[in-house]
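Read the structure below first, then the notes.
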Amino acid sequence: MAINRKQEERLLTSDENELVGMTRQAALAVLPDEEIAKIARLLRERRDRAQSLANRARREMRGKKKVASPPSDDTGSRLKAAALSAAVQRVNKERARRAVKNAREALIANAQRALELKEGAGAGSSGPKSRTSSKGMKRIQNKRADRIGSPMEAGRVSQFVKDAQAKRDSR
């Protein structure tokens, strides 16, 4: 359920509005990772509380729990939980995006380091000890015997035998 900003401002407390405001893209992009983790934790706590209040109100409306005056509607609590859930999703998406970016940067750094090590180690090497030359590997002859006949002919013959056997079996 999509909730616009005016509804969010009406549903949430001022502290919660401030937290949700920090999850917007412009504000979220400049925050450090530690701050984002702290915001995510606070948002989850508030979302869980709003969900439990909505569940309790729904239970009271059904009559499962006896109270002096059961609530007539739990829409506000559900909308508040939905708004906080949307904020948590935005934070999670930003954390995942940053994790992918950090992993990509680490991979690039490791590849560059490996290339530097490889280039640095190549000068003192006397060359490989296997059957290779400076222009590539030498061809190794296949020790198995060459096939007699073409694979196409072998397939044709085996299919002919299968068909003949099927005719005999169907009699």
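The values are calculated or read from the model by the stated rules, or taken from the named source; none is laboratory data. Please read these numbers as outputs of a predicted model, since none were measured by experiment. Backbone-built Cβ (ideal geometry, glycine too); neighbour counts: all protein chains shown.
If the condition is being at pLDDT 85 or above and assigned to a loop (DSSP other than H, G, I, E, B), then the range 39-86 contributes no residue at all. For the range 151-161, filtering for residues that are exposed (fewer than 10 other Cβ atoms within 10 Å of the Cβ) and either basic (Lys, Arg) or modelled with pLDDT under 85 (or both) leaves 1.
Within the range 3-22, being in a helix (DSSP H, G or I) and of a type in the set (S, T, N, Q) holds for Gln7, Ser14, Asn17. Looking across the range 20-30 at every residue that is within 21 Å of Ala50 (Cα to Cα) and out of contact with any helix residue (DSSP H, G or I) (no Cβ under 6 Å at 6 or more places or on another chain), the one that is surrounded by the most Cβ atoms within 10 Å (Cβ to Cβ) is identified as Gly21.
A count restricted to the range 31-45 and to residues that are loosely packed, with under 12 Cβ neighbours inside 10 Å and farther than 18 Å from Ala86 by Cα stands at 2. If only residues of the range 53-95 that are closer than 22 Å to Glu9 by Cβ and of a type in the set (Ser, Thr, Tyr) are counted, the one that is surrounded by the most Cβ atoms within 10 Å (Cβ to Cβ) is Ser77.
Does the range 126-134 include one or more residues that are at pLDDT below 95, part of a loop (DSSP other than H, G, I, E, B) and either on the phi > 0 side of the Ramachandran plot or surrounded by 10 or more Cβ atoms within 10 Å (Cβ to Cβ) (or both)? Within the range 126-134, one or more residues are at pLDDT below 95, part of a loop (DSSP other than H, G, I, E, B) and either on the phi > 0 side of the Ramachandran plot or surrounded by 10 or more Cβ atoms within 10 Å (Cβ to Cβ) (or both).
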